[in-house]
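Student: Input: one structure, supplied below.
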Amino acid sequence: MFYLGADNNLEYDIVRNVEQIKESYQGGCNVIIFIDRSSKYSINSKVFGENFSGGRIYRVLKNNDFQLLDKGEVFSEIEGFSENSIDSSNIFVLKKFIEYCKSNYPSKHYGLIVGSHGGGSRKIDTLLN
């Protein structure tokens with residue numbers, strides 16, 4: 001499970017990492033990706049086949065491809081839900097993603113990688129002020 005908050009200025013790097021995951025996947029396990037994007041930062045339509053904002057869940061397939069599993073509807077019961085703006089910093093969104101993966105892709109073992117949801121690198125003087 002990859003849980004990626006890319007609705008910030010680190011989107012370029014996160015999407016580039018997703019592209020590398022997609023290109024190198026050889027099968028053998030399920031790789032499920034939740035990615036949260038914002039229209040303020042989303043400029044790449046190549047990796048997912050479209051440019052979008054909001055949260056989506058994808059399954060990585062062999063041969064450099066994705067399967068779109070969900071356009072955010074999985075999170076519709078969470079307070080403040082909007083299809084075009086999912087708050088990936090909300091612990092209930094993370095919980096719902098993990099539950100979704102476990103119920104749809106049962107396994108003996110699971111792994112979770114959480115990426116980003118920060119402001120990225122900043123100058124040291126910005127941090128000290």
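Student: Can you name the residue in the stretch 4-17 that is under 20 Å from residue 67 (Cβ atoms) and assigned to a helix (DSSP H, G or I) and, of all such residues, is farthest from the chain's Cα centre (by Cα)?
Tutor: 17
Student: Considering only the stretch 86-96, I want to know if a residue exists there that is at pLDDT 90 or above, of a type outside the set (Val, Ile, Thr) and open to solvent by 70 Å² or more (accessible area, probe 1.4 Å).
Tutor: Scanning the stretch 86-96 turns up at least one residue that is at pLDDT 90 or above, of a type outside the set (Val, Ile, Thr) and open to solvent by 70 Å² or more (accessible area, probe 1.4 Å).
Student: Please go through the stretch 72-82 and pick out each residue that is exposed (fewer than 14 other Cβ atoms within 10 Å of the Cβ) and either modelled with pLDDT of 95 or more or touching a strand residue (DSSP E or B) at 6+ places or on another chain (Cβ under 9 Å) (or both).
Tutor: 82
Student: Return the residues of the stretch 17-63 that are in contact (Cβ under 8 Å) with a residue 24 or more places away in the chain and small (Gly, Ala, Ser); say none if nothing qualifies.
Tutor: If the condition is that a residue be in contact (Cβ under 8 Å) with a residue 24 or more places away in the chain and small (Gly, Ala, Ser), then 27, 38, 39, 42, 53, 54, 55 are the ones that fit.
The values are calculated or read from the model by the stated rules, or taken from the named source; none is laboratory data. Predicted model only: the values in this text are computed from it and were never measured. FYI the Cβ positions are ideal-geometry reconstructions off the backbone, even for glycines, and counts take in every protein chain you see. Areas reflect the complete protein model, heavy atoms only, side chains present, ligands, DNA and RNA absent. Shrake-Rupley method; radii C 1.70, N 1.55, O 1.52, S 1.80 Å.
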